[in-house]
Structure formats: structure tokens, C-alpha cells
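Just so it is clear, none of the values below were taken in a lab; they were calculated from the coordinates. From a predicted model like this one, the values you see are computed outputs, not experimental measurements. Please note: Cβ atoms are built from the backbone with ideal geometry, for glycine as well, and neighbour counts cover all protein chains shown.
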Amino acid sequence: MAPRRALPWLLVPPLLWIGGLLVVPQLRMLELSFRRKLPLAQLGGPEDVYTAENYLRFAENPLYWKVFVKTVLSAVVITAVAFLIAFPIAYFLAKVARGRWATRLFLAIVVPFWVNEIVRTFAWLLILTEQGVLNQMLVALGFVQTPVSYLYTEGAVILGMAYAYMLFMLFPLYASLENLDFSLVEAAQDLGAGWTRVLRHIILPHCVPGAVAGSIMVFMLAVGTYVVPAMLGGKGAIWFVQLIYARFYDALNWNLGSAFAFSLLVLSLGFVAGMLRLFRLSMGRVLQT
Amino acid sequence: MSPEQRVARVAYFGYLVLFLVYLYVPLAVVMTLAFNASPLPAFPWRGFTLGWFREIGADPFLLRAIWNSVVVGLGVTALSVTVGTATAFLLVRYQFPGKGLLYALALSPLIMPGVILGISMLVFFSDVGLDTGLVTTVLGQSSFIISFVLLIVAARLQKFDVALEEAAQDLGATPLQAVWRVTLPSLRPALVASGIVAFLLSFDNFNTTLFLIGNEATLPIHIYSAVRLGLSPKINAISVVFIVVTVGLGVAYEVLRRREAAVA
């Protein structure tokens with residue numbers, strides 16, 4: 001069927017892509033992170049050796065690692081919040097809604113999914129700012145006397161992110177719940193199981209692949225975002241990617257920036273591997289959802 | 001139905017309504033304020049105007065950013081669909097040593113933060129003397145968008161009956177002709193769908209682009225800079241245009257996907 005002669009030709013585009021855009025650049029970033037930032041004249045000189053200095057600086061400076069830890073913990077919180085909010089909606093969409101209503105509801109939920117992250121964040125900026133919609137409502141209703149700004153806080157950033165990434169949790173959950181055989185639920189109920197037991201022993205185990213896929217997506221987006229904290233957090237809530245960006249464009253220390261970036265990469269891949277191991281899943285199974 | 005069940009049902013339904021409100025109110029605020037004749041993107045309502053949309057046409061930087069986004073989007077679509085389809089053929093049709101590794105690497109961008117891709121390529125491109133700009137942005141975005149195309153095209157290719165290709169060859173077609181005249185036409189819906197996804201992902205992208213765009217701007221980068229300079233309803237008007245384009249493409253993709261699912 002597939003002619004062997006074509007194989008070398010077919011190998012060219014994927015190898016150029018994977019080699020030239022993924023493997024080599026990331027190895028180069030890794031290499032750079034283990035070198036010193038030196039003036040041009042000293043490159044290749046005796047000072048130019050491999051060293052773990054950049055990683056040590058990262059570990060020793062609390063300004064750096066505290067932001068890193070905070071970013072990771074916030075991303076975990078956002079992932080959990082997204083799951084708790086999205087699960088009942090995904091279940092409704094997959095198992096309760098019927099026929100035409102299910103299609104309409106699906107469309108109603110999918111449409112905001114296509115709206116850009118920046119536009120969604122801008123929306124929350126307009127709501128949370130001092131002259132914003134939320135304050136106008138609260139003042140009009142008499143709950144507060146003078147408007148306060150809700151921006152530039154960790155809370156604003158977490159709220160904005162949970163909103164921006166919610167649907168990346170909802171759709172994988174929906175996909176895994178959709179093929180749940182409802183007769184299993186009925187059988188359990190006939191045998192006397194209450195709702196909590198059905199949920200714990202049948203529904204939740206069934207949606208694990210979807211939940212893992214959704215968690216990976218949300219965590220990755222939350223941990224790697226620049227826009228949401230930059231727009232809603234200001235100086236009050238610095239995120240790790242902003243630190244990296246500043247190394248590249250303000251401090252012009254690409255070596256330290258690469259060390260930060262590589263740490264973030266290891267953390268992300270570690271999160272994926274940890275989730276897969278914890279729930280005994282393979283990557284292929286997760287990608288199916 | 002017992003009273004408790006009824007209460008639970010009403011609560012569930014109420015939650016669903018609340019969720020939809022949560023999803024749509026922020027977008028409604030952005031869109032409504034684009035038509036408000038007030039110098040600030042805030043209420044109270046001071047009358048309907050299309051003036052903010054007219055300002056889009058008078059802003060050369062914004063128009064250039066939109067143009068850049070379209071050019072980059074088309075470049076990414078062409079590159080990603082070509083490379084993604086070639087990779088799909090390779091992985092679905094051939095056995096060779098190292099295939100598992102290649103497959104894993106091909107899908108690895110899906111589980112990597114976009115900023116990492118942007119940073120690593122910024123470093124690498126500066127090594128080889130490629131200045132940041134539209135070309136580096138096309139390459140950078142394609143690095144992960146190809147993976148999405150690969151998933152979509154490979155899924156369709158797996159369902160394709162190879163006997164059709166063999167029949168074409170029995171009737172005198174060369175292997176290449178058989179692929180060109182028989183296989184690719186049957187992949188068309190998947191190719192179109194993956195093209196739409198590629199364009200959308202490119203048009204939307206911020207994280208990878210941020211590090212590779214240099215002194216130019218795409219639409220998302222422009223909106224971000226504009227917000228930092230100060231709030232103006234003009235940004236709302238741009239957002240409306242952005243929403244219309246991406247939602248339109250998104251719905252087109254969804255329709256295609258459903259038609260595909262109905263055939264398969």
C-alpha cells in the first residue's frame with residue numbers, strides 16, 4: 001500500500017518542524033540557562049563555563065521563588081474552582097438536556113469559548129475597575145457608599161482566570177460524561193444506592209479521563225499566562241511569566257530568563273506526568289477526550 | 001416526584017441559568033459599551049453611536065495590526081496544514097524505527113505553555129540571525145498549531161479505506177496520482193476543518209507571539225498595548241470586531257465537525 005520510496009520525502013517536513021522549531025530551540029534554551037551572562041568580549045573566554053549559577057540565584061532570591069510558588073498554587077486553585085463550577089454543567093449538558101435543547105445549550109456554551117482571552121479579560125477589567133459596572137451596581141443598590149477598586153488584587157486575577165479558562169475544563173468533562181451508560185446509574189439506584197453513592201462510585205470514576213484532560217489544559221494555561229495578571233493584577237499580583245518576560249525585555253538577562261523558562265517547562269511536564277500517574281492513565285487516553 | 005426532588009431540580013436549573021449569566025454578562029458589557037456615546041467605556045448610557053467603529057478605520061496602527069494578523073494567520077494555516085498532513089500520512093501509513101518518539105514529540109507542544117515555545121524560539125532564532133517579526137511569528141505559532149492539524153487529519157485518515165487507493169492503482173494510477181485524486185479529496189472536510197482551527201488559533205494567539213513579534217503587532221498584541229495606554233470605548237469596538245470574526249469561524253468549524261461526525 002504505502003510505497004517505501006515516499007518515506008524519505010515524507011520524513012522531511014516533520015523532522016524540520018520537530019527538530020528546527022521544538023527540539024533544537026529548547027535544547028539551546030536549556031544550554032543558555034547553564035551559562036553566565038557575559039559581555040560580548042568575554043564570550044568564549046575563561047569566564048565562559050557551564051554553571052548552575054542561574055538556578056542558584058532563582059532558588060536563593062525569595063522575590064523570585066515566592067512568585068513561582070504563588071503562581072503554581074494559584075493555578076491549582078483555579079483548576080479546582082474550574083472543575084467544581086464546570087462539573088454540574090457538563091453533566092447537565094451530557095445527560096439531562098435532551099434533543100433540540102441539548103444542541104441549543106451546547107451552542108450557547110461553545111460560543112463564548114471562541115472569544116479571545118484578552119477580550120474576556122478586558123471584560124472583567126471594565127466590570128471591576130473603580131468606575132466600573134460592579135461598583136455602579138453596588139452603589140445604586142446602596143450596598144457601598146463610595147466605589148472601591150477591585151482590581152490589582154490576587155482575587156481579581158484568580159476570578160479572571162477561572163472565567164477565561166473554565167470552558168477548557170467543561171468540554172473534556174462533557175466528552176467523557178457523554179458516553180456514560182445511563183443504565184449503570186439506573187441499575188445502582190434500583191439496587192438502593194443514593195445519589196451521593198452513585199456520584200462517587202459510578203459518575204466520578206467515569207469522568208476521570210475528561211477531568212484529567214481538563215485539568216492539564218487549565219493548569220497549563222493558568223501557569224503560563226501573561227495577559228490576565230498584567231491586565232487585572234497590575235503591580236499587586238505579579239505572575240511568574242511576567243518575571244520571565246522582564247528578564248528578556250527589561251533586565252536583558254537571557255540566561256536567567258532561560259533558567260526561569262526551563263523551570264516552568266519542567267514544572268508543567270511534571271504536572272502532566274503526575275496527573276497521569278496518579279490516575280493511572282496514558283497520554284493517548286487523555287488526548288481522546 | 002417528592003418535594004425534595006423538586007427543590008433539587010429547581011436548584012440545578014437555577015445553577016445552569018446562573019452559569020449562563022456568568023458566561024455572557026461580561027461579553028454583553030464589552031459589546032454594549034462599544035455603542036455608548038461616552039468618552040469612557042462605562043455606564044451610564046449616553047446614547048447610541050457608531051463613532052467608535054469609525055475610529056477603527058482612522059487608526060493606521062490598528063489597521064496594520066489587523067492586516068498582520070490576517071497575513072500571519074494565512075501563513076500559519078498554509079504551513080500547518082501542509083506539514084500536519086504530511087506528518088499524519090507518515091504516522092498513519094508507515095512503520096519505522098523511532099516512530100513512537102516522533103509521535104510523542106509531535107504532540108508535546110499540546111502540553112507545553114505557549115510562552116516556553118516563544119522563548120525557546122526567540123533564543124534560537126537570534127542565534128541563527130533571524131530577526132523577530134512576522135516570519136518568526138508564523139514559525140513560532142506553527143510549532144504548536146501543526147500538532148492540532150495532525151490530530152484532526154490523522155483521525156480522518158485512519159478511517160479512510162486503503163482499498164480505494166489500491167483500486168485506483170489497479171486501474172492504472174501511479175501511487176502519487178492515487179493519493180492526489182482519491183485520498184486527498186476524501187480528506188477534504190478534515191483539511192478544511194483543520195485549516196479553520198489553524199487560522200483561529202493563530203488569530204487568537206498571544207503567549208507565543210509576545211516573544212516573537214518584535215516591533216510589529218498582531219491584533220491581540222495591539223489590544224493589550226491599547227489597554228495599557230488607557231481605557232477607551234474604541235477598544236470595545238475592536239473587541240466587537242474580534243468577537244464577530246472568531247465566533248463566526250468557530251461556528252463554521254462546529255458545523256463542519258457535526259457534518260463530519262454524521263458521515264462517520
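Quick notes
- Residue count for the stretch B:1-27, restricted to those that are hydrophobic (A, V, I, L, M, F, W, C) and more than 9 Å from chain A (Cβ to nearest Cβ): 7
- Scope the stretch A:81-107; condition out of contact with any Asp or Glu (no Cβ under 7 Å at 6 or more places or on another chain), among the small types (Gly, Ala, Ser) and surrounded by 14 or more Cβ atoms within 10 Å (Cβ to Cβ); matching residues: A:Ala82, A:Ala86, A:Ala90, A:Ala97, A:Ala102
Table: residues versus (1) more than 18 Å from the chain's Cα centre (by Cα); (2) surrounded by fewer than 22 Cβ atoms within 10 Å (Cβ to Cβ).
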{"residue": "A:Leu173", "(1), (2)": "no, no"}
{"residue": "A:Leu191", "(1), (2)": "yes, yes"}
{"residue": "A:Gly194", "(1), (2)": "yes, yes"}
{"residue": "A:Cys207", "(1), (2)": "yes, no"}
{"residue": "A:Ala213", "(1), (2)": "no, no"}
{"residue": "A:Met220", "(1), (2)": "no, no"}
{"residue": "A:Phe240", "(1), (2)": "no, no"}
{"residue": "A:Gly257", "(1), (2)": "yes, no"}
{"residue": "A:Leu264", "(1), (2)": "no, no"}
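- Subset of the stretch A:126-146 that is part of a helix (DSSP H, G or I) and at the interface with chain B (Cβ under 7 Å from one of its Cβ atoms) - its residue that is nearest to B:Phe19 (Cα to Cα): A:Ile127
- Of the residues in the stretch A:147-154, none is among the polar types (S, T, N, Q), under 29 Å from A:Lys95 (Cα atoms) and more than 8 Å from chain B (Cβ to nearest Cβ).
- Looking only at the stretch A:5-50, residues that are of a type in the set (D, E, K, R), touching an Asp or Glu at 6+ places or on another chain (Cβ under 8 Å) and assigned to a helix (DSSP H, G or I) come to 1 in all.
- Among the residues of the stretch A:147-171, those that are among the aliphatic types (A, V, I, L, M) and assigned to a helix (DSSP H, G or I) comprise A:Ala156, A:Val157, A:Ile158, A:Leu159, A:Met161, A:Ala162, A:Ala164, A:Met166, A:Leu167, A:Met169, A:Leu170.
- Checking every residue in the stretch A:70-78 against the condition of being farther than 30 Å from A:Leu204 by Cβ and surrounded by 12 or more Cβ atoms within 10 Å (Cβ to Cβ) gives zero matches.
- If you filter the stretch A:238-289 down to residues that are more than 11 Å from every other protein chain (Cβ to nearest Cβ) and touching a Lys or Arg at 6+ places or on another chain (Cβ under 7 Å), you find that the one that is farthest from A:Ala75 (Cα to Cα) is A:Asn253.
- Helices (runs of 4 or more DSSP H) completely within the stretch A:191-285 that count 2 or more residues being under 30 Å from B:Thr132 (Cα atoms): A:208-223, A:240-249, A:254-278
- Qualifying residue in the stretch B:103-123 (condition: facing chain A (nearest Cβ under 10 Å), more than 27 Å from B:Ile221 (Cα to Cα), over 18 Å from the mean Cα position of the chain (by Cα) and among the hydroxyl-bearing types (Ser, Thr, Tyr)): yes
- Single residue of the stretch A:23-44 satisfying the filter (under 27 Å from the mean Cα position of the chain (by Cα) and farther than 14 Å from A:Gly257 by Cα) that is nearest to the other protein chains (Cβ to nearest Cβ): A:Pro25
- For the stretch A:89-99, the count of residues that are within 10 Å of chain B (Cβ to nearest Cβ), more than 30 Å from B:Ser69 (Cβ to Cβ), touching a Lys or Arg at 6+ places or on another chain (Cβ under 9 Å) and not in a helix (DSSP H, G or I) is at least one.
- Set B:Ser126, B:Ser108, B:Ser120, B:Ser147: member being in a helix (DSSP H, G or I), touching a Gly at 6+ places or on another chain (Cβ under 9 Å) and not basic (Lys, Arg): B:Ser147
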